[in-house]
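Heads up, the thing below is written out as structure tokens.
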Amino acid sequence: MLRFFLLVNKQGQTRFSRYYSGMPIQAEERVLMEADIARKCLKRSDVQCSIFEYGQYKLAYRRYASLFFVIGFDEEENHLSILELVQAYVEILNTYFDNVCELDIMFNIEKVHVILEEMVSNGRIVETNKHNVLAPVLEMNKASR
Amino acid sequence: MFEKSLTDLIRGIRANKKNEQKYIAACLQEIHQEIKSNDPDIKAQAVSKLTYLQMIGYDMSWASFHVVEVMSSPKYSQKLTGYLAATQSFRQDTDVLMLTTNLLKKDLASGNHLEVGIALNGLSHIVTPDLARDLCQDLVSMLSHSRPYVRKKVVLVLYKLFLKFPEALRLSFPRLKERLDDSDPSVVCAVVNVICELARKNPKNYLSLAPQLFKLLNTSSNNWMLIKIIKLFGALTPLEPRLAKKLLPPITQQIQTTSAMSLLYECIHTVIIGEMLTSGGNSDALAAMCVSKLKIFLEDPDQNLKYVGLLALSKILPTYPKLVAENRDIILKCIDDHDISIRLRALDLVVGMVNKKNLTDIVKRLMSHLLPSNNNSESSTLPSTLLEPAYRADIINRIIFICSQNSYSNIVNFEWYIAVLVDLTYVAGVDVGELLTTQIMDVGVRVKSVRQYSVKAMQRLLSDSSLLENCQFPESNSEVLYAAAWITGEFCSYLETPTDAIGYFVQPGVTKLPHNVQAVYIQSILKVYAYWANSLTYNWDEDSKQELLRFTEMIKDKISTFCSSTDLEVQERAYNAREIFSIIHQNLSTTHETTFDVENNIYSSTNKSPSIISELYPLFFSYELNPVAPKAQKKVPVPEGLDLDAWINEPLPESENSESEEEEESYGYGYTQKFGGSGDLIFSSGSGTAIGRRRDRKSSKKGYNSEEDEETKEKRRRERNERIKNDPFYISSTGNDLSKHSKSDGLSKRVTEEIDVDSIPVVRLTMDEFIFKTDKKTSKKSKASKKEKRHSPPPVPPVIYTDIGEMPENATLSDEEKDSTKTGNNKPIWNSIPSQSSGILDVDFSGVSNVDLSTPLGADEKFPSMAVYLAPEEVRRREEERVRRRFTERRIKQTQESTSRVKKSKSEKPKSKASLEITPNTKNTENKGEQSSKSKKVSKKKRTEETEDRKKKGKKDKGKKPKKKNSISDNATLENHDNVVVDEAASIKTLVDSDDIQVLYTLSLGSSTEVKNEPPAMIADFTVRNKCSHKHPLSKLTFTFESTSDIQFDKGLIEIGELQHDEQKSVTIEFKVLGIVGAGLTVSGNIAYEIQSDEETKTNADIPIRFELPMAVFMLNIPKITPEEFKSCVTKTADFPFTGSTSIRLNASINLIEQSFQNDVTRLISMATGTHIVEQVQGAITMYGKSVQGYQVAGLAKLTVEKNIMLVENEIPGSAQNTSVRIELKCTDQAFVDGLIREIDYLFKEL
């Protein structure tokens, strides 16, 4: 299953985080872990693969502009499908925000959560169809307006 | 108004980069204030800001209660914020989670699917075992929700629920299974997901689903789902080998055709781990295909594919090493990849691929990773991780592993290996000294042929001053000097110049070495010296003697430096060695003197070496040290006559039948010896005498027994117990301590008890406490089976249990624990769920994997209802109910009194002032009469049109508001409004309106009078009409309703049978409302039917139905009460302990609003609440009603107009923004009044 979903920028600041089965008890611990992950991702060059081991989990990441989309997951998950999920997620964000950028994510964090919630539930990938994901989100926007 | 929004906060943080902490601290201060605000908007905003801060590392656990408040907001966007905050910040132990049960129940039952979605998402994060138990039934019934969106989410939440409340799995699995055939693909996908997860834990349960899954595998084109299904089969096939055969064709096809790499990978992976290669027919061909596909992965420029390709290959390696070996070249190339992750995966493979031929090459490649890379251009691009200690240590471990595996079977040239090990010492850069040391020594001892070379190589190490200099750094690996010294010492015969070697051992700086190394150095000095001195004796002359003398003196001096070592071992050895050297030195010099004295300058004649030198040699080199074969111990023959089961001592002689506990005592003693493992110690010291004494005593035993009565015994025991308390030897687990203890006890006993000292055997003391602590039964029992015991090996001695107190039990426990962890490790990978010490991301699957789904559900297995578990609010509710009952009882009395009083007062004061500060207005009272009659008319007239109108109404803008009927401005909308103002409680509503069928229903009370202490009965009338567009008849039409904890159907199944086109039938169903009558009571069920499109084809349809029970339906149609009665009723506030209130904002223009209020709004309110209007005055009304349970409801609605001058200036004159109706309700039941308020809100929101 997926353990967490992180968006960190090059400076190691967390822009979005979602944990699927608990998280480090202490906030400081969590921040340190997230910064450490960002560092590890930054260290890796383009010629390296985007999957690596981190503690007891595996991390898959993709970098888009200044943002790293990082997913922590268990060994038994299909590694490639995780990478595909990241891609799908970014594509959906891109559609929703019309060329998504870091600021979009910062200022619309609730939406980013909602979209992810449609795609991943309980740490399982449940929906990757762009239309199916966005339809309820748009509906929600209408409802909350 | 001046609060920061989330956007402001984020901007602020960005603007205050330099003093971010300070800024956030200030913001947190504000949030602390805002979150306590009464304004829900401000509160929600504060929570959303807090959620953001939580993400960047601030604590928000203190705000949990406020989060729940926001979660329960009726506003959709606020609810979203609240749930998001909850999912981000709540933990399993967050106490306010207990308060969310009813909130979740309510939200799950919401008519708005988005709200349900939010609640489901939220629940999946925050679910606790308690929540799971309380909500599982609600969720399971939602599996047949009309919206696939909700069904999908319910399925996924259920998985989380199963983890927390495993019993739910058994109960709901049949329902879950049905969803595999859901019409919506995303629901099916969700079910596959959940079953896949479940099957990983316990695949056996899900074998029965194989046919359905197999069908999906063949029909679905959703790659994501296919991956899951294939993964699921991977877990199932090991249990059912026949499945593998069946699966091979579709999987093979997928492997050949799919373009999705992830799916391809999953197929190959499943083929490997699903043991399909071993069970299938043409498995070799399949394996070859897999490997060739994996080759594509490896050759792909995409590093990720390379990575997973290697990962898959490593799994295929154990079964098909040859196939993997075919790709050796590519794999070897990967060892030099830039990416460390790929390298490590490739190394995994390499370890399995090594043979005699390629070993040197591979090791050379690996070694090159360790060498400082500054020579070629490639190295500059190498990531810095290559220098990471962990990586380097890993490489070294692997080198040593591949070389040493299978007893060095791959190594041809051991000299090469020694050279490698020596090189590693220098290039490692990480602390692997211990590993290298054992390797060097092992090879040196095991391989005779390499000894000469190793000794030479070790000389090099010993002479290297850099190792000595850096010995304080573990990376320098100076620990290998241990091996170097030992090998040099042990195999010194290969030394060319032993004196040099000794020189290395005593060179300055050696005292900085680790102590264990120094100890070996000293020992080696002796060995080499002994060898060298002995070699001198073959050619003994005065020169050699002088040389020896000089050299001995030198060593003696040098070794003194070791004598001051802080390490005792080194010190002791150094003194020993120095003493030996001084003896030799003395011996040499004295021989020299005697020879000199006696022979007078004729040295040559005494050409005999001193015996001390030749005697020193055999001390070290009498036997050659040889490696012991692994099975050597087993092969040692058992010496003749050795019987380990036999008694070493003769068993104690049988004593007379008057035998007392002492007999047992002596047994106890014997056992203690055995158990403690130091029996010999006790044996030699005390046991013999003890037996002797026993024999002596036996003659006087009877006397002894009679002398020593129970009292003195007891006294002795007490004394002894006192002593034991302070005896440091008493609580001990080792045999040594045990023996000490019995001895010391023996001594102290003798000292303290002078009477009959001789008659108290040492053994007795141990026994004494045995008797003291265990009951006598044990001893009697053992006495009975005494004979048997003597000839069989003794059972676990009871003495140990009493002696060590509770220790043994704990000890055994811990042993078991160890065992269980061991077995745990043997489980498949997915069972070893990672758990970090800090509990990060910890999930407990144990419950779910233990659930057995193979046995059918028993009748007694039911979903737990809320009754089992009382949430805090449930407790409160019950308490309230109790109080209410008391109130009711009192009220009955009071009403009896008051009615008589009212009658009296009426006659006295006919025009008393109405309560609630409303000036009675007779005109309005007259109006009211008209009003209600009008409304009744309207309701009757409009009933038939209701359905269509409601649809229109739904589409209408929310800005629309009720207006007066004959308002000129907006006639068209008015009509619609009138339709709304229909008696909600008795209206006909649409339940289902599809292409085939239309179902309308009305709800009414089962009784027209008050029924107390009984669940209220309801009647639902359904009208079903066949409106099939193709005019097909419908058959087997059935209504099924599910009884829940709240609602009970006497007969939940109604069969209607056939329905021709346009035919209409009515059915009535009765049910009882068991639950608390409040907001969110819903009835759910299914309508199933078949459409007979022609004679052959039938289509089954199953429509879930669901409707809410409005509160107004529970209200009785009671005769109107007079304002006086109302007043007398309400003034006794104690009768109405529960209140609720709400405000409705009206946007009508000011001149219309009062009329509108008097006509429409008031009517609407009274209808929503099922009350009748008691009195109506300008801008206010009072209402009263009674429910079937006997709850009374009294209400006041007031119109308040606050003219905002600022606005009036800018806008059309006469309009006002702040016009609202304030509704206050008093009731005798909390849930009831809450429900009413909610419905009023809901009704007006709809408009």
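The values are calculated or read from the model by the stated rules, or taken from the named source; none is laboratory data. All of these numbers come straight from a predicted model, not from anything done at the bench. Please note: Cβ atoms are built from the backbone with ideal geometry, for glycine as well, and neighbour counts cover all protein chains shown. Side chains included, ligands, DNA and RNA excluded: accessible areas come from the protein's heavy atoms. Shrake-Rupley method; radii C 1.70, N 1.55, O 1.52, S 1.80 Å.
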| task | Scan the stretch B:556-589 for residues that are open to solvent by less than 30 Å² (accessible area, probe 1.4 Å), in a helix (DSSP H, G or I) and under 17 Å from B:K512 (Cα atoms) and jot them down. | result | B:I559, B:F562, B:C563, B:V570, B:A574
| task | Return the total of residues in the stretch B:109-152 being more than 10 Å from chain A (Cβ to nearest Cβ), in a helix (DSSP H, G or I) and of a type in the set (S, T, N, Q). | result | 3
| B:K106 vs. criteria closer than 23 Å to B:D184 by Cβ, open to solvent by 10 Å² or more (accessible area, probe 1.4 Å), assigned to a helix (DSSP H, G or I) and out of contact with any Lys or Arg (no Cβ under 8 Å at 6 or more places or on another chain) | no
| request: Within the stretch A:2-14, count every residue that is facing chain B (nearest Cβ under 8 Å) and within 12 Å of the chain's Cα centre (by Cα). | output: 3
| Does B:S535 qualify as being hydroxyl-bearing (S, T, Y) and open to solvent by 20 Å² or more (accessible area, probe 1.4 Å)? | yes
| request: Return yes or no: is A:A88 small (G, A, S), more than 30 Å from B:P301 (Cβ to Cβ) and open to solvent by less than 30 Å² (accessible area, probe 1.4 Å)? | output: no
| query | Which one of these is away from chain A (no Cβ under 12 Å), β-branched (V, I, T) and touching an Asp or Glu at 6+ places or on another chain (Cβ under 7 Å): B:T252, B:T237? | reply | B:T237
| message | Anything in the stretch B:530-543 that is in a helix (DSSP H, G or I) and either within 60 Å of the chain's Cα centre (by Cα) or without any contact (Cβ under 8 Å) to a residue 40 or more places away in the chain (or both)? List them, or say none. | response | B:S535, B:D543
| message | I need the helices (runs of 4 or more DSSP H) fully contained in the stretch B:436-510, keeping only those with at least 3 residues that are closer than 24 Å to B:L370 by Cβ and open to solvent by 60 Å² or more (accessible area, probe 1.4 Å). | response | B:451-463
| task | Check the stretch B:1080-1097 and report whether any residue there is assigned by TED's automatic domain parsing to the domain that holds B:V1233, of a type in the set (G, A, S) and more than 30 Å from B:Y1242 (Cα to Cα). | result | no
| request: Would you check if B:L1152 is open to solvent by 10 Å² or more (accessible area, probe 1.4 Å), out of contact with any Cys (no Cβ under 7 Å at 6 or more places or on another chain), at pLDDT below 70 and among the aliphatic types (A, V, I, L, M)? | output: yes
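This table checks each residue for (1) more than 30 Å from the chain's Cα centre (by Cα); (2) open to solvent by less than 30 Å² (accessible area, probe 1.4 Å).
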site: B:N223; (1), (2): no, no
site: B:L226; (1), (2): no, yes
site: B:F233; (1), (2): no, yes
site: B:L264; (1), (2): yes, yes
site: B:C267; (1), (2): no, yes
site: B:A287; (1), (2): yes, yes
site: B:K295; (1), (2): yes, no
| Test for B:L84: is it in contact with a His (Cβ under 7 Å, 6 or more places away or on another chain) and open to solvent by 10 Å² or more (accessible area, probe 1.4 Å) | yes
| task | Please go through the stretch A:15-56 and pick out each residue that is within 7 Å of chain B (Cβ to nearest Cβ) and touching a Gly at 6+ places or on another chain (Cβ under 6 Å). | result | A:A27, A:V31
| said: Please count how many residues of the stretch B:87-103 are open to solvent by 10 Å² or more (accessible area, probe 1.4 Å), within 24 Å of B:L143 (Cβ to Cβ) and more than 11 Å from chain A (Cβ to nearest Cβ). | reply: 2
| query | Within the group B:D284, B:D337, which residue is assigned to a helix (DSSP H, G or I) and at pLDDT below 85? | reply | B:D284
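Residues checked against (1) within 13 Å of chain A (Cβ to nearest Cβ); (2) over 32 Å from the mean Cα position of the chain (by Cα); (3) not in a helix (DSSP H, G or I):
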{"residue": "B:K22", "(1), (2), (3)": "no, yes, no"}
{"residue": "B:I42", "(1), (2), (3)": "no, yes, no"}
{"residue": "B:W62", "(1), (2), (3)": "yes, no, no"}
{"residue": "B:H66", "(1), (2), (3)": "no, no, no"}
{"residue": "B:E69", "(1), (2), (3)": "no, no, no"}
{"residue": "B:L80", "(1), (2), (3)": "yes, no, no"}
| Residue among B:E1042, B:E1070, B:E1014, B:E1108 that alone is without any contact (Cβ under 8 Å) to a residue 12 or more places away in the chain, closer than 26 Å to B:A109 by Cβ and open to solvent by 20 Å² or more (accessible area, probe 1.4 Å) | B:E1014
| Residue among B:L213, B:L226 that alone is in a helix (DSSP H, G or I), within 14 Å of chain A (Cβ to nearest Cβ) and either more than 23 Å from A:I82 (Cα to Cα) or at pLDDT 85 or above (or both) | B:L226
